[in-house]
Structure formats: structure tokens, C-alpha cells
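Structure, as C-alpha cells:
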Amino acid sequence: MTKKKPCIGLAPFGGVSDIISKTIAAHIQGYLPLDVDILSGLSLPGYAYDQRRLQYDAGIILKRMESEPFQDYAKVVGVLDVDIFVPIVTHVFGEAKQGGRCALVSVYRLKRNLDGSTPPRSLLLGRAAKVALHELGHLFDIHHCVDRGCLMHFSGVLEDLDQTPLDFCRYCSVFLRSALPAPNNNGGIRKAIR
Ligand SMILES: [Zn+2]
Ligand SMILES: [Zn+2]
């Protein structure tokens with residue numbers, strides 16, 4: 001079997017545990033016929049810290065990421081363990097520019113249930129994988145999906161995220177397959193496309 005060309009860079013920012021990075025990478029590779037490299041050496045993006053909100057500005061981080069070469073990976077997913085926001089909402093689980101190159105996933109709010117309790121690790125890892133695949137979908141120019149049973153359905157709160165299955169609907173799967181970079185776009189999306 002020939003090795004697939006690494007195409008996606010996973011970039012954990014300081015403080016993200018290995019198990020989270022490896023789980024996200026494994027899920028991306030499990031759904032897409034693309035290899036993922038886990039990058040290292042990114043420190044917390046202090047330049048994006050908002051002193052009034054005590055959170056990190058996702059837009060500023062993404063802008064900086066988009067300007068960095070990142071070894072020519074087609075897509076780069078940054079993973080953070082700090083609270084991130086975009087100006088109009090209190091927080092986001094992830095953020096990506098539609099059709100862009102870089103996306104963000106924050107596990108900060110995935111680590112606590114709504115009642116303040118700590119979720120089992122399997123639930124936390126599943127949440128992180130869902131957010132990463134959703135944001136990656138945006139990078140491949142898939143918009144939000146009306147199907148509640150699809151990963152591209154918008155989830156603003158944990159309750160929604162937990163109810164969303166770890167799978168794309170048939171339409172988003174087909175769209176995603178056609179959007180993947182050549183020559184890997186013939187392999188289909190494992191599991192999701194069948
Ligand atoms: Zn979205
Ligand atoms: Zn869908």
C-alpha cells in the first residue's frame with residue numbers, strides 16, 4: 001500500500017494533551033483519504049488575548065495562521081486548550097474561514113458539562129473530533145447543513161454537539177469527496193460515504 005501524501009497539518013498550541021491531538025488526527029484520517037501530520041512547537045497565542053473578555057480572539061489567531069507557511073500543508077487545524085471567541089458570541093468551540101486554509105478547535109469548553117461536571121474522557125475526545133471534522137468541512141467549503149444528523153449541522157451549545165452523530169450526511173459526504181484535493185479524491189470518504 002502506498003503511503004498517502006500528508007495533506008493536513010494538525011497544530012496543537014501549548015497545553016493541548018497528546019491524546020487530544022492524536023484522537024483528532026485519527027478521526028480526520030478515518031473519515032478522509034488524507035494523511036495528517038501532528039506539528040509541534042506552537043506556544044499559546046498571547047497576541048490574541050483580549051484583556052477585557054479574558055478570552056482569545058479566534059479571528060486574530062486564524063489571520064496569523066493564514067500568514068504562516070506551515071510547510072505547505074493544504075489545510076492546517078490549530079487546537080487550543082483556552083477559551084476562544086468571535087466578537088458577536090460568548091464563545092465558539094471552533095472557527096474556520098469558509099473555504100480557507102486554517103481552522104481552530106478549542107477543547108476548553110468541551111471539558112466541562114453544562115452542569116459543571118467533568119465528562120468521561122471518551123466523551124471529551126468525541127466532542128473534539130466532531131468540532132475538528134466540522135471545521136475541516138468548512139475549509140473544504142461545506143456550509144452548515146439543515147440535517148440534525150449531520151456533522152455540518154451548527155452546534156452552538158454542548159447539548160447540540162452531543163446529539164450530533166460523528167458522521168456526515170449523504171449530501172455533505174458527496175460534497176466533501178468532490179472537494180478533496182487531487183489525486184486523493186477518488187478514494188471516497190471511508191464509512192461516511194457508504
Ligand atoms: Zn460551522
Ligand atoms: Zn449534511
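Any residue in the range 165-176 that is buried (at least 20 other Cβ atoms within 10 Å of the Cβ), under 21 Å from Gly100 (Cα atoms), within 16 Å of ligand 1 (Cβ to nearest atom) and modelled with pLDDT of 95 or more? There is at least one residue in the range 165-176 that is buried (at least 20 other Cβ atoms within 10 Å of the Cβ), under 21 Å from Gly100 (Cα atoms), within 16 Å of ligand 1 (Cβ to nearest atom) and modelled with pLDDT of 95 or more.
Looking across the range 18-29, the residues that are within 20 Å of Leu166 (Cβ to Cβ) and either out of contact with any helix residue (DSSP H, G or I) (no Cβ under 9 Å at 6 or more places or on another chain) or surrounded by 15 or more Cβ atoms within 10 Å (Cβ to Cβ) (or both) come down to Ile20, Ser21, Lys22, Thr23, Ile24, Ala25, His27, Ile28, Gln29. Within the range 136-146, is there a residue that is surrounded by fewer than 23 Cβ atoms within 10 Å (Cβ to Cβ) and more than 25 Å from Gly9 (Cβ to Cβ)? Checked against the condition, which is being surrounded by fewer than 23 Cβ atoms within 10 Å (Cβ to Cβ) and more than 25 Å from Gly9 (Cβ to Cβ), the range 136-146 yields at least one hit.
Within the range 131-156, the set of residues being more than 10 Å from ligand 2 (Cβ to nearest atom) and without any contact (Cβ under 8 Å) to a residue 24 or more places away in the chain comprises Phe154 only. In the range 131-161, of all residues being charged (D, E, K, R) and closer than 21 Å to Pro33 by Cβ, the one that is farthest from ligand 1 (Cβ to nearest atom) corresponds to Asp141. In the range 94-110, is there at least one residue being more than 17 Å from His138 (Cα to Cα) and among the acidic types (Asp, Glu)? Within the range 94-110 (the criterion being more than 17 Å from His138 (Cα to Cα) and among the acidic types (Asp, Glu)), the answer is no, since none of the residues qualifies.
The values are calculated or read from the model by the stated rules, or taken from the named source; none is laboratory data. Bear in mind that the values here come from a model prediction, so they are computed numbers and not experimental data. Backbone-built Cβ (ideal geometry, glycine too); neighbour counts: all protein chains shown.
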